[in-house]
Amino acid sequence: LSGLAQAAPGSYLELEVNDEERWVDLRISGLPPTLGSEALEAALGVPRQLALRVGGRLHLADGDQGRALTLSLPSAREDHVVIVDDNPKTLRLFQRYLEPHRFQVTAIQDSSQALGEIRRLQPDVVLLDVMMRDVDGWQILQTLKTDPETRPIPVIVCSVLGEEALAQTIGADGYLRKPITQSALVLALTQARRG
């Protein structure tokens, strides 16, 4: 806000905050249309980096009252993520990836227990491997998406297989191809929660 105020001296800037359940939108309106792109980019560098780092977004739009900037950031509420994978190393890696972020993690290594635990816990999102010994991840995904009790829960399929089209056909809300980076995982979870 201070960067924008310095870039647009003499302007009347208005700040609105919209705090929804999962997102906080900071909207700054009144930016003059004559504000140079160089000055604007200099003022938006830090907010843009912040938004990208936490899975948020920065949107600039022209309107009747001048330009408006909206910075959307995830709220401080922790999302509950259930990770279903029969590889303990993958579970530990994903837990380590999510630890510094706003996620509460439940790891399920035994795929035969996954459906019952997901029904019981009603998490915000499920991260699901497909190649597992006991119960196949495709079967878990299909059951989750046909059960009215679990259908609304977003499911992101994680696999070494290139089967994104199949995952979407069965009802997956996202697809990550292993190996997965921390930033890709956090972004996918954030987007799945946002819908």
- Note on the structure: antiparallel share of DSSP beta bridges within the chain, to nearest 5, in %, is 55
- Spin-label zone in the stretch 25-46 - amide nitrogen under 13 Å from a point set 7 Å from the Cα of LEU52 along the C-beta vector: 44-46
- Item | Compactness relative to 2.2 N^0.38 Å, alpha carbon Rg of the chain | 1.25
- Rounded if a/c is under 1.5, else prolate if a/b beats b/c, else oblate: with a ≥ b ≥ c from the C-alpha gyration tensor eigenvalues square-rooted, which is the stretch 82-194? rounded
- Over the chain, with neighbouring protein chains present, the accessible area per residue in Å² at probe 1.4 Å is 55
- With the full set of protein chains in place, find how many percent of the accessible area of the stretch 1-136 is carbon and sulfur; take the probe as 1.4 Å. 48
- Message: Just to be sure I understand the model, the point goes 7 Å from the Cα along the line to the Cβ. What's the resulting THR70 to GLN122 distance in nm?
- Response: 2.9
- Length gained if GLU41 through GLN109 is fully extended, taking 0.36 nm per residue and subtracting the Cα-Cα distance, is 19.9 nm
- Message: Placing one identical point scatterer on every Cα of the stretch 1-105 and ignoring solvent, what is log10 I(q)/I(0) from the Debye formula at q = 0.10, 0.13, 0.19 Å⁻¹?
- Response: -0.40, -0.59, -0.93
- Item | Order of exposure, largest accessible area first, which applies to HIS80, HIS101, HIS59 with probe 1.4 Å | HIS59, HIS101, HIS80
- Between ALA184 and ARG27, what is the FRET efficiency for a Förster distance of 25 Å, r being their Cβ-Cβ separation, to the nearest 0.05? 0.30
- Message: With angles folded into 0 to 90 degrees, how steeply does helix 37-53 sit against the dominant principal axis of the chain? Use alpha carbons for both and round to 10.
- Response: 20
- Note on the structure: Rounded to the nearest 10 degrees, the helix 88-98 long axis (Cα) sits at an angle to the longest Cα principal axis of the chain of 20
- If you place +1 on the Cβ of every Lys and Arg, -1 on the Cβ of every Asp and Glu, and leave all else neutral, what size is the dipole of the stretch 145-195 about its Cα centre, to the nearest 20 Debye? 160
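The values are calculated or read from the model by the stated rules, or taken from the named source; none is laboratory data. Just so it is clear, the model here is predicted, and its values are computed rather than measured. Counting neighbours? That spans all protein chains shown, and the Cβs are built from the backbone with ideal geometry, glycine included. Protein only, heavy atoms only, side chains kept; ligands, DNA and RNA dropped before computing areas. Shrake-Rupley method; radii C 1.70, N 1.55, O 1.52, S 1.80 Å.
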